[in-house]
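The values are calculated or read from the model by the stated rules, or taken from the named source; none is laboratory data. This structure is a prediction, so every number in the text was calculated from the model and none was measured. In this analysis, Cβ positions are derived from the backbone assuming ideal geometry, glycine residues included, and neighbour counts consider all displayed protein chains. Keep in mind that these areas ignore ligands, DNA and RNA; they rest on the heavy atoms of the full protein, side chains included. Shrake-Rupley method; radii C 1.70, N 1.55, O 1.52, S 1.80 Å.
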Amino acid sequence: MAEMVVSPTLEQLELQAQQTGLLLRVQMARPAGIWTLRLVVAEPSGAGRANLLGELKGWAYPGKRGFQLDTMRVLPKAPPGVGPLIWAATMAWAREVTPCRQARLLAIDDDPRQHRRLVRYFRSLGFVPTRLLGAAPFDLPLRLIWGGAGQLMVGDCDHVFRQALRRWGQVHPRHRD
């Protein structure tokens, strides 16, 4: 019989981050039945302060396809593993707090070279391109939501979670599943 692998919870990811000298924090609100999320990774800097290393912002509405990712950034000074930790924690949050099982994001197209890098990066996490948002009139509502043109992509929360955990474990081997 195959051994069942238990995935870490968001709380366990917070403890793993702490063991590596990082702070992982989730700020959440639920105005009008919509979850808003800001997930941050920082490093303690003494006297109760912290230096931001990376963050992800998003929102979710009740539904399997309701998770919308808006902003993800990792600062250049961040140590290896911050990005995968953010992705794993974000997907853990979606799995534990919401009914969402798919996440949607926009690989913004402000610069063609950067856009290609974003699409390649998001694909490596398991996101799949669904449609291009451009200048067509029917794209306007989505462009207003996302703040620009680009490649709309969808990812399965469980798959992205596993990919991010694998990457986190590559950087911090003692935190492999």
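Would you mind telling me which numbered condition in (1) on the phi > 0 side of the Ramachandran plot; (2) of a type in the set (A, V, I, L, M, F, W, C); (3) part of a strand (DSSP E or B) A32 fails?
(3)
Exactly one of these conditions fails for R167: (1) in a helix (DSSP H, G or I); (2) touching a helix residue (DSSP H, G or I) at 6+ places or on another chain (Cβ under 9 Å); (3) open to solvent by less than 30 Å² (accessible area, probe 1.4 Å). Give me its number.
Among (1) in a helix (DSSP H, G or I); (2) touching a helix residue (DSSP H, G or I) at 6+ places or on another chain (Cβ under 9 Å); (3) open to solvent by less than 30 Å² (accessible area, probe 1.4 Å), R167 violates only (3).
Out of V26, V40, which single residue is within 13 Å of the chain's Cα centre (by Cα), over 20 Å from R101 (Cβ atoms), among the aliphatic types (A, V, I, L, M) and surrounded by 14 or more Cβ atoms within 10 Å (Cβ to Cβ)? Don't jump to the end; show me each part of the working.
Details: V26 fails: over 20 Å from R101 (Cβ atoms).
So the residue among V26, V40 that is within 13 Å of the chain's Cα centre (by Cα), over 20 Å from R101 (Cβ atoms), among the aliphatic types (A, V, I, L, M) and surrounded by 14 or more Cβ atoms within 10 Å (Cβ to Cβ) is V40.
Determine, yes or no, whether L13 is in contact with a Lys or Arg (Cβ under 9 Å, 6 or more places away or on another chain), at pLDDT 95 or above and of a type outside the set (D, E, K, R). Lay out the reasoning, then the answer.
On the way: in contact with a Lys or Arg (Cβ under 9 Å, 6 or more places away or on another chain): no; at pLDDT 95 or above: yes; of a type outside the set (D, E, K, R): yes.
Spelling it out, it is not the case that L13 is in contact with a Lys or Arg (Cβ under 9 Å, 6 or more places away or on another chain), at pLDDT 95 or above and of a type outside the set (D, E, K, R).
So R38 fits all but one of (1) of a type in the set (K, R); (2) without any contact (Cβ under 8 Å) to a residue 12 or more places away in the chain; (3) under 13 Å from A89 (Cα atoms); what number is the exception?
(2)
Residue check: is A89 farther than 23 Å from G126 by Cα and either among the polar types (S, T, N, Q) or surrounded by 14 or more Cβ atoms within 10 Å (Cβ to Cβ) (or both)? Even if it seems obvious, please write down each step before you answer.
Working: farther than 23 Å from G126 by Cα: no; either among the polar types (S, T, N, Q) or surrounded by 14 or more Cβ atoms within 10 Å (Cβ to Cβ) (or both): yes.
Answer is no for this residue.
Determine whether the stretch 92-113 contains at least one residue that is in a helix (DSSP H, G or I), in contact (Cβ under 8 Å) with a residue 60 or more places away in the chain, open to solvent by less than 20 Å² (accessible area, probe 1.4 Å) and among the aromatic types (F, W, Y).
Looking only at the stretch 92-113, we keep the residues that are in a helix (DSSP H, G or I), and these are 92-97, 112-113.
In the following step, the residues that additionally are in contact (Cβ under 8 Å) with a residue 60 or more places away in the chain were identified as 92-97.
Among the residues that remain, those that are also open to solvent by less than 20 Å² (accessible area, probe 1.4 Å) are: 92-94.
Next cut, among the aromatic types (F, W, Y) only: 93.
Yes, that holds for at least one residue.
Looking at the stretch 119-129, which of its residues are in contact with a Leu (Cβ under 9 Å, 6 or more places away or on another chain) and either in a helix (DSSP H, G or I) or surrounded by fewer than 16 Cβ atoms within 10 Å (Cβ to Cβ) (or both)?
The answer is F122, P129.
Looking at the stretch 144-162, can you tell me whether even one residue there is under 21 Å from G63 (Cα atoms), of a type in the set (G, A, S) and surrounded by 15 or more Cβ atoms within 10 Å (Cβ to Cβ)?
Yes, the conditions are met somewhere in the stretch 144-162.
Considering only residues that are in a strand (DSSP E or B), open to solvent by 30 Å² or more (accessible area, probe 1.4 Å) and in contact (Cβ under 8 Å) with a residue 24 or more places away in the chain, which ones fall in the stretch 52-65? Don't jump to the end; show me each part of the working.
Here is the first cut: in the stretch 52-65, the residues in a strand (DSSP E or B) are 52-60.
The next check asks that each one be open to solvent by 30 Å² or more (accessible area, probe 1.4 Å); those that pass are 52, 57, 59.
Answer for the stretch 52-65, where residues must be in a strand (DSSP E or B), open to solvent by 30 Å² or more (accessible area, probe 1.4 Å) and in contact (Cβ under 8 Å) with a residue 24 or more places away in the chain: just W59.
Of all residues in the stretch 66-84 being touching a residue at least 60 places away in the same chain (Cβ under 8 Å) and part of a loop (DSSP other than H, G, I, E, B), which is nearest to V41 (Cα to Cα)?
Going through the stretch 66-84, the residues touching a residue at least 60 places away in the same chain (Cβ under 8 Å) turn out to be 67-68, 70, 80-84.
Still in the list and also part of a loop (DSSP other than H, G, I, E, B): 80-81.
Values: P80: 12, G81: 10 Å.
Restricting to residues being touching a residue at least 60 places away in the same chain (Cβ under 8 Å) and part of a loop (DSSP other than H, G, I, E, B), the top hit is G81.
So L132 passes all but one of these: (1) open to solvent by less than 80 Å² (accessible area, probe 1.4 Å); (2) in contact with a strand residue (DSSP E or B) (Cβ under 9 Å, 6 or more places away or on another chain). Which condition number does it fail?
Unmet for L132, out of (1) open to solvent by less than 80 Å² (accessible area, probe 1.4 Å); (2) in contact with a strand residue (DSSP E or B) (Cβ under 9 Å, 6 or more places away or on another chain): (1).
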